1. Report Rg(Cα)/(2.2 N^0.38 Å) for the stretch 18-157, keeping two decimals.
2. State whether the stretch 160-206 is rounded, prolate or oblate according to the following rule on the C-alpha gyration tensor (a ≥ b ≥ c being the square roots of its eigenvalues): a/c under 1.5 gives rounded; otherwise a/b larger than b/c gives prolate, and the remaining case gives oblate.
3. In whole Hz and in residue order, list the ³J(HN,Hα) couplings for the stretch 76-93 that follow from phi through the Karplus curve 6.51 cos²θ - 1.76 cosθ + 1.60, θ = phi - 60°; x for Gly and Pro.
4. When we measure straight from the Cα of residue 20, which lysines land under 28 angstrom away, once same-chain ones fewer than 8 places off are left out?
5. Starting from the amide H of residue 205, placed 1.01 Å from N in the peptide plane, find each other amide H under 5 Å away whose residue is 5 or more places distant or on another chain.
6. For the chain, set up a Gaussian network in which alpha carbons nearer than 10 Å are linked by springs, and say which option among 195, 209, 12 fluctuates the most.
7. Between 203, 245, 217, find the one with the highest GNM mean-square fluctuation for the chain; connect C-alpha pairs within less than 10 Å.
8. Working from Cα positions, state the angle (0 to 90°, nearest 10) between the long axis of helix 245-267 and the longest principal axis of the chain.
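Bear in mind that the values in this text are calculations on the coordinates, not laboratory data. Predicted model, so just to flag it, every value in this text is computed and none were measured. Here Cβ is always computed from backbone atoms with ideal geometry, including for glycine, and neighbour counts include all displayed protein chains.
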Amino acid sequence: MSQAIFFAHANGFPSATYSKLFSALQPGYRIHSLVQHAHDPRFPVGENWESLVDELIHHLQQLDGPVWGVGHSLGGVLHYHAALRQPQLYRGLVLLDSPLLGWAECLLLRMAKRFELMDRITPAGRTLGRRERFTDRREARDYFAGKSLFRYFDPACLDAYVEHALVPAGSDLRLRFDPAVEVSIYRNAPHASPGRPQQLQLPLALVRGRHSRVVRPYHARQVRRLPQGEYLTVAGGHMFPLEQPQATAELLLSLIQRWGQGAAQEKS
């Protein structure tokens, strides 16, 4: 049986948005994902994303063995925290532009929450009041194509977003991802983790988009604290997995195959 990859998406982008990336990873790997995180009432958004990590762990435990955890932005952080709590669920982790925060940034987040400044230092403020209803998919595609966040999207990924991120609402379409949930995720960004980086005895790669404003070169320091940490930089910005899905898939396959070969050599 082929090994499994469990993919966790970025905030606001349902997993099917990444279908071109998933197709490039198959048939060598079985791809698992949730349609969208943070929308199961059993696991409401809360402080430090602890319940969202619970949600991820719950689904990982339903599988028949450890997985390669791959996550973009929010998804990468969820995998990292889940692996600190339940490392036996994983073979290794690849975080796609997901920051591993140092103590100074964690302190900043803690203070921002205390003084209700999270809307200023996260995308929460830009999400408030965002348009969420459209008359049809053509109108929606034209709208999103004109936004800077989507400017460099692979056309198939933009089409997938329009197809899967909108659901019928009467005679119109509305965003599948509840904007209130999206804002709550940003406002509850973790200022603490469930363990120390040094305890994670798994291969982990943090892959940064060269023009990202979310992951910065100094985050490499956190990765170097991991026993098997790697820090890589690729072309693109924070959304590079949806801008360059084929190149992202090739990078993932290269990392996972190398790690797998290393693990096999250690056992032999």
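1. Numbers: Rg = 17.5 Å, N = 140, 2.2 N^0.38 = 14.4 Å.
Normalised by 2.2 N^0.38 Å, the Cα Rg of the stretch 18-157 equals 1.22.
2. Oblate, because a/c is 1.5 or more while a/b does not exceed b/c.
3. 3J(HN,Hα) across the stretch 76-93, in whole Hz: x, 5, 4, 4, 4, 5, 5, 5, 5, 7, 9, x, 5, 7, 10, 9, x, 10.
4. In chain and number order, the partners are 147.
5. Those lying under 5 Å, H to H, from residue 205 are 93, 94, 95, 230.
6. 195
7. Among 203, 245, 217, the largest GNM mean-square fluctuation belongs to 217.
8. Its long axis makes an angle of about 20 degrees.
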